Structure formats: C-alpha cells, structure tokens
Amino acid sequence: MTIARLELRDFRCFAEAGIDLDPALTFLCAHNAAGKSTIVDAIEWCLAGRCRGTDDRGAGSKALIRDDLDSMLVRAIFADGTYAARQLSRNGSMKADPPEPVVNKDMLRCLMNGGAFLDLAHADAKNLLL
C-alpha cells in the first residue's frame with residue numbers, strides 16, 4: 001500500500017494542502033515549525049485514527065483542527081486509486097472512510113516513530129514482532 005498523494009484541509013497548521021508523494025522515497029525539507037511533523041501526524045491519523053498528542057479513545061483530537069475552525073479532513077490516496085479519509089468536527093463527531101483503520105495501529109505507530117516500540121508493553125511488542 002503506497003500513498004501517492006496526501007490531502008489536508010484545516011489540519012493543524014495547514015489550511016489546505018495537496019502533497020504528491022513519490023512511490024520510492026519522499027523527503028520533507030523545511031524550516032523549523034513549517035509542518036514536517038504535521039504531515040507525518042496526518043498520515044498516521046488518517047490511517048490509524050490516532051497520532052502524536054491523541055489516543056485511541058479520541059482524547060486530544062480536537063487540537064488537530066486548525067485555529068478555531070469547525071472541522072478538518074485528511075485524505076490519503078493510494079497508488080492503486082483507493083483512498084482512506086478521516087474527518088473530524090469540533091463537536092467531536094468523526095467520519096472515517098473506510099470506517100475501520102487501514103493498518104494495525106501499533107505497527108503504524110512504530111513505523112512512524114521508532115521510539116513508540118519501546119513504549120509498548122512486553123507482550124504487545126512480542127505480538128507485534130510475531
């Protein structure tokens with residue numbers, strides 16, 4: 001599953017952005033506080049329903065909405081034309097398409113942030129490796 005394009009609307013510091021990703025490798029280079037980590041967070045949030053600053057129950061998710069706007073949207077479009085999208089409203093309602101996470105949440109978290117593996121309980125880390 002290769003992400004070909006990432007689309008953001010009112011996600012953290014991005015009002016609206018469309019980012020085409022190379023299937024082999026994409027580098028993000030920018031000054032500090034330009035949104036590099038936000039792009040990584042957007043991918044994780046879209047595919048797994050959580051990212052840095054949030055949890056599986058949704059706590060912290062409202063902070064992902066830019067400024068004091070009503071909602072935000074993240075869409076990951078895959079190379080085969082399928083997509084995953086997640087929208088969150090300020091009132092707390094969330095819509096995901098498809099409704100279930102696209103990938104294993106723990107696996108994605110560890111791939112996006114190697115230190116997350118060290119935070120897993122021993123049994124969870126062992127199951128993830130197996």
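The values are calculated or read from the model by the stated rules, or taken from the named source; none is laboratory data. Remember, predicted model here, so these are calculated numbers, not experimental data. Here Cβ is always computed from backbone atoms with ideal geometry, including for glycine, and neighbour counts include all displayed protein chains. Quick note on the areas: whole protein, heavy atoms, side chains included, nothing else; ligands and nucleic acids left out. Shrake-Rupley method; radii C 1.70, N 1.55, O 1.52, S 1.80 Å.
Dipole size of the chain about its Cα centre, with +1 on Lys/Arg Cβ and -1 on Asp/Glu Cβ: approximately 200 debye, rounded to the nearest 20.
Highest mean packing first, where packing is the average number of other Cβ atoms within 10 Å per residue, the peptides 87-96, 40-49 line up as 40-49, 87-96. The apolar share of the surface of the chain, taken as the fraction of accessible area on carbon and sulfur atoms (1.4 Å probe, ligands and nucleic acids excluded), comes to 53 percent. What distance in nm separates the simple spin-label points at Arg90 and Ala30, each placed 7 Å from Cα in the Cβ direction? My value for the distance between the label points is 2.4 nm. Of Phe27, Phe117, Phe78, the order by accessible heavy-atom surface (1.4 Å probe, DNA, RNA and ligands excluded), from most exposed downward, is Phe27, Phe117, Phe78.
Debye-formula intensities of the chain, expressed as log10 I(q)/I(0) at q = 0.13, 0.15 Å⁻¹, are -0.54, -0.72 (one equal scatterer per alpha-carbon, no solvent).
Taking 19 Å as the straight-line reach from the Cα of Lys95, the lysines in range (excluding those fewer than 8 positions away in the same chain) are Lys62, Lys105. Between the range 83-130 and the range 1-80, what is the separation of their alpha carbon centroids in Å? The range 83-130 and the range 1-80 have Cα centres separated by 14 Å. Specify the residue with the greatest mean-square fluctuation among Gly60, Gly115, Gly35, computed from a Gaussian network of the chain linking alpha-carbon atoms under 10 Å apart. For the chain, modelled as a Gaussian network with Cα springs under 10 Å, the answer is Gly115.
Among rounded, prolate and oblate, which fits the range 27-70 when a ≥ b ≥ c are the square roots of the eigenvalues of its C-alpha gyration tensor, a/c under 1.5 means rounded, and a/b larger than b/c means prolate? Since a/c reaches 1.5 but b/c is at least a/b, the shape of the range 27-70 is classed as oblate.
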